[in-house]
1. Taking the options PRO47, PRO6, name whichever one is under 13 Å from the mean Cα position of the chain (by Cα) and either assigned to a loop (DSSP other than H, G, I, E, B) or surrounded by fewer than 16 Cβ atoms within 10 Å (Cβ to Cβ) (or both).
2. Name, by its number, the condition in (1) of a type in the set (Val, Ile, Thr); (2) assigned to a loop (DSSP other than H, G, I, E, B); (3) crowded, with 16+ Cβ neighbours inside 10 Å that does not hold for VAL66.
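FYI, it's all coordinate maths here, none of it is from the lab. Quick caveat: nothing in here was measured; it's all calculated off a predicted structure. A quick note on method: Cβ atoms are made from the backbone with ideal geometry, for glycine too, and the neighbour counts reach across all protein chains shown.
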Amino acid sequence: MDNVTPNPQILIDIVNTRMPYGKYQNQLLCDIPVHYLEWMHSRGGFPPGKLGMMLSTVFEIKTNGVDKILREIKSRYGRI
């Protein structure tokens, strides 16, 4: 198995990137409700590219009950 080093910049991007479309347009990705992420996941998954990867990451964090991580990063690195 390869050594994979997580990129902390992804989490910083998640707390500073706004959803570009849909019901939660202009909402920070970290603030999108888990029920909406579950709905997206059940409808075929997340979009391709970086946006999809970030949404998938938020989904995993929130569904595993560790969203405190996002709140902490948002308080330290959020631009709002």
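1. Numbers: PRO6 fails: under 13 Å from the mean Cα position of the chain (by Cα).
After ruling out the rest, the residue left standing is PRO47.
2. Unmet condition: (3).
So that you can scan it fast, the table gives a plain yes or no per residue for (1) of a type in the set (D, E, K, R); (2) in a loop (DSSP other than H, G, I, E, B); (3) farther than 15 Å from MET53 by Cα:
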position: ASP2; (1), (2), (3): yes, yes, yes
position: GLY22; (1), (2), (3): no, yes, yes
position: GLN25; (1), (2), (3): no, yes, yes
position: LEU37; (1), (2), (3): no, no, no
